[in-house]
Amino acid sequence: MAPDDRAPDSAGDSPNAPPPGDSTEPESGGISRRRAVRLLGAGVGGAVVAGGGGVWGYRRSLQASAADQERVRRAEIVVAGGSVGGLTVAARLLRAVPDARITVIEPREEHHYQPGYTLVGAGIYTRGDVLWDQGELMQPGMRWIRDSVLAFEPDRNRVRLEGGDVVAYDALVVALGVVNHVDAVEGLREALETPRVAHIYDLSSGEKYWGLASGFQEGRAVFTYPPGYVKCGGAPQKITWLSEDLWRREGRRDRIEVHFHTSRPTLFPEVPRVDEAVTPLVEARGVRNHYSSVLRAVSPSDRLAIFEEQRENGETREVRQRYDLLHAMPHARTPAPLREGPLTREGIGGQLEVDRETLQHRRYPNIFGVGDCAATGAAKTAATIRKQAPVLVRNLTDFLSDRPPSARYDGASGCPLLTRYGRCMMFEFDFEGRLVNEWLYQSTRETRLWWEFKVHGLKRLYRHVMLNGYV
Ligand SMILES: Cc1cc2nc3c(=O)[nH]c(=O)nc-3n(C[C@H](O)[C@H](O)[C@H](O)COP(=O)(O)OP(=O)(O)OC[C@H]3O[C@@H](n4cnc5c(N)ncnc54)[C@H](O)[C@@H]3O)c2cc1C
């Protein structure tokens, strides 16, 4: 059954049930349904008032002048990577210039809605809810090459494909994302083959995790967060807290220890206000947070997770912890053609070297980057792509029209932080870690409204708004 058809708040012990005590009255830190409806009403009212000008401005923002259309039309535009980053940019370009010549290079036949992986690991979504046919997402007007980039050759304005073809371009958009680097942790690959270890950063492993968590009766559950850049920096916390909530609601929490090891000094160093709001909440629930603690090795035969923990005096020490369940989030890295090719440089971990505001490559002006693979320093989320895509399209159009880039990405990203079943904190933040539109989101409150939006609304936004280029 599609999650959209399910009642996430159906009564009973299922994880979809509302948290105990859910009513029209607020729980501590939450907002009531009545208030949520009022807020929503205020939002709709505001939208109607702003509507006239807003719709006009929005429609205008999707268009390009006749002169710009002519310049774009003449260009051969290639998009490397056809997931949410590549497709949102390609579709957005086609909104502005319907007969633009756009080629998308993407090997997968199935599109993965990765923001839904957390909900797979939490038993809310199933595999069918997060897999879509890639062909159905390709807009008419996009030429799809089902192959992988083997090498970038920016000095010759072309890419070489694994199948042997060479594709030339006038402008290139790089949207290769990041991949799991399981071998960065000694023994982890082998451990993932055992019944007690999984992670939600891969669909099959996420399904395995739900089986593990839902059947877990007692013992020590250990969750980890690796160093370096990561995809969706909220997901490891979300799955920790959802699991904790599941065990509590099913009456076995007192038999389970929950440990969260993060490589970082706090839970959310990038957004201090959220960090301050959420840390006491989860501490009160008995989650034991271990900061500056990096998983270095796993020994599956004796079920040991081996951490390197940095102490306040700067020294490090080894900490060995026995686990009964291990959720080990893999390190991330960019795919080899990017990581090992000419489009990156030393010191940025194999990411695409772009200006963080214009999204234009620093050395090759006809190359732009979007999404997880780009070294912008912003959070690696689909929410980031929603903000980056219009900037990239504007600046790509400027480039093809011989103008300097006129649009700037401000680092905005967002996160639906699922704190427990039926509750979510929703927040947007900028490059400086400041909350954006806090009044709208009620960012530091756990609310039912945003839970519903995460489970039912965001997927539609992604599928129908982003992938159709309405950003
Ligand atoms: C567990 C989890 C939870 C998440 N939760 C959220 C959330 O709540 N909210 C949110 O906004 N985001 C969330 N995200 C992050 C979001 O899914 C990513 O930020 C987003 O998918 C990045 O899109 P992308 O297009 O940059 O990269 P990807 O989606 O990773 O796509 C990269 C594409 O490039 C293709 N590719 C790779 N190598 C090559 C090659 N050599 N040649 C051609 N093509 C290639 C791949 O096949 C793939 O289709 C989550 C991610 C995970 C894993």
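Scanning segment 73-82 turns up at least one residue that is surrounded by 14 or more Cβ atoms within 10 Å (Cβ to Cβ), on the phi > 0 side of the Ramachandran plot and within 9 Å of the ligand (Cβ to nearest atom).
Applying the criterion of being surrounded by fewer than 19 Cβ atoms within 10 Å (Cβ to Cβ) and under 23 Å from Pro405 (Cβ atoms) to the residues of segment 330-352, the residue that is farthest from the ligand (Cβ to nearest atom) is Arg345. Considering Gly433, Gly469, Gly414, the condition of being assigned to a loop (DSSP other than H, G, I, E, B), within 16 Å of the ligand (Cβ to nearest atom) and touching a residue at least 24 places away in the same chain (Cβ under 8 Å) is satisfied by Gly469 alone. Would you be able to say whether some residue in segment 444-459 is more than 26 Å from Asn180 (Cβ to Cβ), part of a helix (DSSP H, G or I), touching a Lys or Arg at 6+ places or on another chain (Cβ under 9 Å) and among the charged types (D, E, K, R)? Checking segment 444-459: at least one residue is more than 26 Å from Asn180 (Cβ to Cβ), part of a helix (DSSP H, G or I), touching a Lys or Arg at 6+ places or on another chain (Cβ under 9 Å) and among the charged types (D, E, K, R). With respect to the conditions (1) surrounded by 22 or more Cβ atoms within 10 Å (Cβ to Cβ); (2) modelled with pLDDT of 95 or more, Cys415 falls short on a single one, namely (2).
Taking the criterion of being surrounded by fewer than 22 Cβ atoms within 10 Å (Cβ to Cβ) and near the ligand (Cβ under 8 Å from one of its atoms), the residues of segment 135-159 that qualify are Asp147, Ser148, Leu150. Comparison of Arg408, Arg463 shows that the only residue that is surrounded by fewer than 24 Cβ atoms within 10 Å (Cβ to Cβ) and more than 17 Å from the chain's Cα centre (by Cα) is Arg408. So which residues in segment 116-129 are assigned to a helix (DSSP H, G or I) and more than 10 Å from the ligand (Cβ to nearest atom)? Those that are assigned to a helix (DSSP H, G or I) and more than 10 Å from the ligand (Cβ to nearest atom): Arg127, Gly128, Asp129. Once segment 160-176 is narrowed to residues that are in a loop (DSSP other than H, G, I, E, B) and within 9 Å of the ligand (Cβ to nearest atom), the residue that is nearest to Asp398 (Cα to Cα) is Ala175. Considering Pro272, Pro300, the condition of being in the same structural domain as Phe223 (by TED's automatic domain parsing) and either acidic (Asp, Glu) or within 21 Å of the chain's Cα centre (by Cα) (or both) is satisfied by Pro272 alone.
Only one of the listed residues (Ser243, Ser292) is buried (at least 21 other Cβ atoms within 10 Å of the Cβ), touching a strand residue (DSSP E or B) at 6+ places or on another chain (Cβ under 8 Å) and of a type in the set (S, T, N, Q). That residue is Ser243.
Looking at segment 147-158, is at least one residue part of a strand (DSSP E or B), of a type in the set (Lys, Arg) and within 14 Å of Thr103 (Cα to Cα)? Scanning segment 147-158 turns up at least one residue that is part of a strand (DSSP E or B), of a type in the set (Lys, Arg) and within 14 Å of Thr103 (Cα to Cα).
The values are calculated or read from the model by the stated rules, or taken from the named source; none is laboratory data. It should be emphasised that the depicted structure is a prediction, and the values quoted were computed from it without experimental measurement. When we count neighbours, we look across all protein chains shown, and the Cβ atoms used for this are built from the backbone with ideal geometry, even at glycine.
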